[in-house]
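The values are calculated or read from the model by the stated rules, or taken from the named source; none is laboratory data. Please read these numbers as outputs of a predicted model, since none were measured by experiment. Don't worry about glycine lacking a Cβ; one is built from the backbone with ideal geometry, like all the others, and counts go over all protein chains shown. Ligands, DNA and RNA are excluded from the accessible area calculation, which covers all protein heavy atoms including side chains. Shrake-Rupley method; radii C 1.70, N 1.55, O 1.52, S 1.80 Å.
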Amino acid sequence: MSEPVSYEHDQRIVVITINNPPVNALSRHVRGGLFDAIQQFNADDAADVAVIVGGGRLFIGGADISEFGKPLVSPSLPEVISAIERCEKPVVAAIHGTALGGGLEVAMGAHYRIAQTDTKLGLPEVKLGLLPGAGGTQRLPRLIGVDQALSMISSGAPIVATRALELGLVDRVESGPDIRPAAVAFAQEIQAQGGAIRRTGELPRPEASAELIQQWRTRLEKSARGEVAALSAMASVEAATRMDIGDGLVEERRLFQALMDTPQRASLIHAFFAERRVSKLPELRDIKAQPIAHIGVIGGGTMGAGIATSAVLNGFVVTLVERDQASADKARNTIAGNLAAGIKRGKLNDAQRDQILEHQLSTVSEYEALQDADLIIEAVFESMEVKKAVFEALDRVAKLGAILATNTSYLNIDEIAAMTKRPEAVLGLHFFSPAHVMKLLEVVVADKTSPEVVSTAFSLAKRLGKIAVRSGVCDGFIGNRMLVHYRAAADHMVLDGASPYQIDKALKAYGFAMGPYAVGDLAGLDIGYATRQRKAPDRHPRDRYPAWADELYHLGRLGQKTGKGYYLYPEGSRQGVEDPEVDALIEQTRKSLGIERRTFTDEEIVRRYITAMVNEAARIVDEGIALRPSDIDVVLLSGYGFPRWRGGPMHVADQLGLDTILANIMEFAEEDDHFWQPAPLLKTLVDQKRKFASLDLST
Ligand code: 3H9
């Protein structure tokens, strides 16, 4: 194994290379190596300038996140960076690929910075519930000013090198394929010009007016919605305007350590690793993905058009098939509309849109046009008969080796696959609406789906910028199966006395993007109604049925699209207004059922909702529908508006204690022991004093 940090001479320039694949994280060996290399350079009479470069595909991905929460092994990163800054001879950071978090902080500790053109530079710590804790909040505003620094630090979003040059974050941008020779040449120039040392920490304190700071505070307080890191990071940047570098670094460290101890930090880091673990499927070890270039989409409704939009935006050639040319043209218009919205949001430009519409997209009415497609995704009406007919037809036209996917949200994919002579090539690709925006993709693996096909689906998701989660076949797969269950818990509370509006408010205050009734209005009450109708044959006499929701449906209150649902949407507004008529209608239902209305605290609402979510999720894991508990968290975080800073329901359950969740269920079961039956896995884990996370590690 190579040394994590190497030291070599290129004439009188020293090149210090960090080699810690895959992302050159600043693990303790790297910190130690870098510290030693700087000391060696200080004492090296044969060297005038040092260049720090990252080995492999990027400069430095940041501090080693897996070390967080464990005892610190010195030297700490701030110590290493101070040593670089204090160095008596010039140090150049040679940045390529990515410089994130502690990586960018190392670069700012150096005296000069040169970056490859497409390099991304950023301080994403707030996304992990932290602030840049190795000088980032003190040095960045000294280099680029308080406003720009706050923009980068509070969003966590990276900027590209050309922008960094404009802002003064880097001194030079280099377009060549290899940063090292360019950096050595730059170092030689610095040497020839006398080797001046430029310490970022010695730059004057950055200035900021009280108004600017107040504007940022107001903005961040509004957007934070319970998250603490961005506001704390702002306080640290503000300290830079009042303190010299030494005191500023001490203050930054204090705020950093305080964040390190928060549950939010633990939750966000859980989410980070959960999102990386989710694509690691034991069954896919050594299985290669098939190449995909041409994607067929059947059906040009909102979903089909959204899938096609996502595919063309990510470089695929797409053929969309509709039942006749008029419908195909309509689908093309929908896609063009999606692209136009993308232009507004800065996702693409006019020329790229024209290229897509002229060369990447065809919208037709004959299945024969799909002969060359590598993957065909069906997104037609949600009916088994219709889907079976589509798959029979696809089996006839699709080339050998093509993958056939259904976007069904609940139908049995084994049955659909059985309509073809190639069930091994059939799987579910469950996109979420709008498909070109939503991150989540459930990859539903049927009985006979081959590992190559699953592997291809995961690689496709990556190319589409989506997070794929493996699901087995069951009604609703992972996400919608859970949704039906926790929505039922909410409906029970409504029957017993809570208003839908109180439930939505309580859950929003907890951090959800939306409450279940606002979500219902967005999706359409017809969707919920159809689900209840579909499940009617399996209804148990003890199921508590939300007849009031059916009544709203029958009144034509279908949600946002009809201007009325659970809420009112006057004049096309997307912001719902509470409607006393809905309260009255629910009260009538209660009366007809002889239910005496009781009150719920917001705390109880959240407790019941989360408990229902976790209980159903435990069954889903137990049945093998989800591979591991952290996959459930990924589904809820990326597709169902669960607050990321809480880490997902399984993480929340682990934090609360599974015995607490079980005790909740037993308490609620005293009123309704039909709905509130503890999942066997939950009981087992409680008996064994284990957490859900213990199952994440074993797969
Ligand atoms: C920080 O710097 C704090 C400081 O301010 C103060 C300190 C005192 N550490 O994402 P990928 C692993 S906070 C440890 O698939 P990509 C990752 O888990 C840090 N491990 O690659 C995965 O492991 P595995 C601020 C890390 O090419 C593997 O590397 N920095 C780290 O798609 C590949 O990851 C960040 O927040 C890490 N820092 O993307 C940056 N980063 O193969 C976080 C990655 O076992 N990282 N791993 O599953 C990223 O955003 C992306 O990984 C990156 C590469 C863009 C770098």
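So that you can scan it fast, the table gives a plain yes or no per residue for (1) surrounded by fewer than 16 Cβ atoms within 10 Å (Cβ to Cβ); (2) of a type in the set (Gly, Ala, Ser); (3) at pLDDT 95 or above:
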residue: LEU249; (1), (2), (3): no, no, yes
residue: ARG253; (1), (2), (3): no, no, yes
residue: ARG265; (1), (2), (3): no, no, yes
residue: PRO291; (1), (2), (3): yes, no, yes
residue: GLY300; (1), (2), (3): no, yes, yes
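Just wondering, is there one or more residues in segment 626-634 that are among the polar types (S, T, N, Q), farther than 18 Å from ALA488 by Cβ, in contact with a helix residue (DSSP H, G or I) (Cβ under 8 Å, 6 or more places away or on another chain) and surrounded by 19 or more Cβ atoms within 10 Å (Cβ to Cβ)?
yes
Right, GLN502: out of contact with any strand residue (DSSP E or B) (no Cβ under 8 Å at 6 or more places or on another chain), closer than 18 Å to TYR410 by Cβ and open to solvent by 10 Å² or more (accessible area, probe 1.4 Å) or not?
no
Kindly establish whether LEU212 is open to solvent by 50 Å² or more (accessible area, probe 1.4 Å) and more than 23 Å from ILE13 (Cα to Cα).
no
With the checklist (1) within 13 Å of LEU522 (Cα to Cα); (2) open to solvent by less than 40 Å² (accessible area, probe 1.4 Å) in hand, flag the one item ASP579 doesn't pass.
(1)
Taking the criterion of being within 19 Å of ILE403 (Cα to Cα) and in contact (Cβ under 8 Å) with a residue 24 or more places away in the chain, would at least one residue in segment 222-230 satisfy it?
No - not one qualifying residue is present in segment 222-230.
Mind listing just one residue for me: the one in segment 123-154 that is open to solvent by 20 Å² or more (accessible area, probe 1.4 Å) and of a type in the set (Gly, Ala, Ser) and, of those, nearest to ILE245 (Cα to Cα)?
GLY145
Can you give me the number of residues within segment 156-171 that are open to solvent by 30 Å² or more (accessible area, probe 1.4 Å) and within 13 Å of the ligand (Cβ to nearest atom)?
Counting residues in segment 156-171 that are open to solvent by 30 Å² or more (accessible area, probe 1.4 Å) and within 13 Å of the ligand (Cβ to nearest atom) gives 2.
Considering only segment 649-699, state which residues are among the hydroxyl-bearing types (Ser, Thr, Tyr) and closer than 17 Å to MET613 by Cβ.
Across segment 649-699, the qualifying residue is only THR660.
May I ask you to list the residues in segment 508-524 that are in contact (Cβ under 8 Å) with a residue 60 or more places away in the chain, surrounded by fewer than 21 Cβ atoms within 10 Å (Cβ to Cβ) and part of a loop (DSSP other than H, G, I, E, B)?
GLY511, ALA513, MET514
The conditions are (1) within 27 Å of TYR501 (Cβ to Cβ); (2) out of contact with any strand residue (DSSP E or B) (no Cβ under 8 Å at 6 or more places or on another chain), and MET666 fails exactly one of them. Which is it?
The failed condition is (1).
Of the conditions (1) open to solvent by less than 10 Å² (accessible area, probe 1.4 Å); (2) part of a loop (DSSP other than H, G, I, E, B), ILE307 fails just one. Which one is it?
Condition not satisfied by ILE307: (2).
Counting only residues that are exposed (fewer than 13 other Cβ atoms within 10 Å of the Cβ) and part of a helix (DSSP H, G or I), which one in segment 678-699 is modelled with the lowest pLDDT? Before the answer, list the steps.
Initially, segment 678-699 is screened for residues exposed (fewer than 13 other Cβ atoms within 10 Å of the Cβ), giving 680, 687-689, 697-698.
Next, from what is left, pick out any that are part of a helix (DSSP H, G or I): 680, 687, 697.
Working: PRO680: 98, ASP687: 98, LEU697: 71.
Among those residues, the one meeting the criterion is LEU697.
I need the full set of residues from segment 470-507 which are among the charged types (D, E, K, R) and assigned to a helix (DSSP H, G or I), in order please.
Scanning segment 470-507 gives ARG481, ARG487, ASP491, ASP496, ASP504, LYS505.
When only residues in segment 401-421 that are open to solvent by 10 Å² or more (accessible area, probe 1.4 Å) and either aliphatic (A, V, I, L, M) or in a strand (DSSP E or B) (or both) count, which is nearest to ARG481 (Cα to Cα)?
Among them, the one singled out is LEU411.
Having 2 or more residues that are of a type in the set (Val, Ile, Thr), touching a residue at least 12 places away in the same chain (Cβ under 8 Å) and closer than 30 Å to ARG12 by Cα is the bar; report the helices (runs of 4 or more DSSP H) wholly within segment 120-197 that clear it. Step through it out loud before you land on a result.
Numbers: elements: 136-144, 146-155, 161-167, 179-192.
Passing ranges, in order: 179-192.
For segment 126-146, give me each residue that is out of contact with any Asp or Glu (no Cβ under 7 Å at 6 or more places or on another chain) and within 9 Å of the ligand (Cβ to nearest atom).
LYS127, LEU128, LEU130
So which residues in segment 267-289 are assigned to a loop (DSSP other than H, G, I, E, B), within 16 Å of the ligand (Cβ to nearest atom) and either surrounded by 17 or more Cβ atoms within 10 Å (Cβ to Cβ) or aliphatic (A, V, I, L, M) (or both)?
Listed by number, the residues that qualify are VAL278, SER279, LEU281, ALA289.
If you check ARG557, ARG534, ARG539, which single one turns out to be at pLDDT 95 or above and within 25 Å of SER383 (Cβ to Cβ)?
Within the list ARG557, ARG534, ARG539, the selection yields ARG557.
Considering segment 365-397 alone, what residues qualify as being assigned to a loop (DSSP other than H, G, I, E, B) and over 13 Å from VAL321 (Cα atoms)?
ASP372, ASP374, PHE381, GLU382, SER383
Answer yes if at least one residue in segment 360-367 is under 30 Å from ILE527 (Cβ atoms) and of a type outside the set (Ser, Thr, Tyr), and no otherwise.
yes
Considering only segment 33-81, how many residues are in contact (Cβ under 8 Å) with a residue 60 or more places away in the chain and away from the ligand (no atom under 12 Å from the Cβ)?
7
Looking only at segment 4-32, filter to residues that are over 20 Å from HIS96 (Cα atoms) and more than 16 Å from the ligand (Cβ to nearest atom); which one of those is nearest to the chain's Cα centre (by Cα)? It would help to see each step written out before you state the result.
So in segment 4-32, the residues over 20 Å from HIS96 (Cα atoms) come out as 9, 11-12, 28-29, 32.
Keeping just the survivors that are more than 16 Å from the ligand (Cβ to nearest atom) gives 9, 11-12.
Working: HIS9: 43, GLN11: 46, ARG12: 46 Å.
This residue is HIS9.
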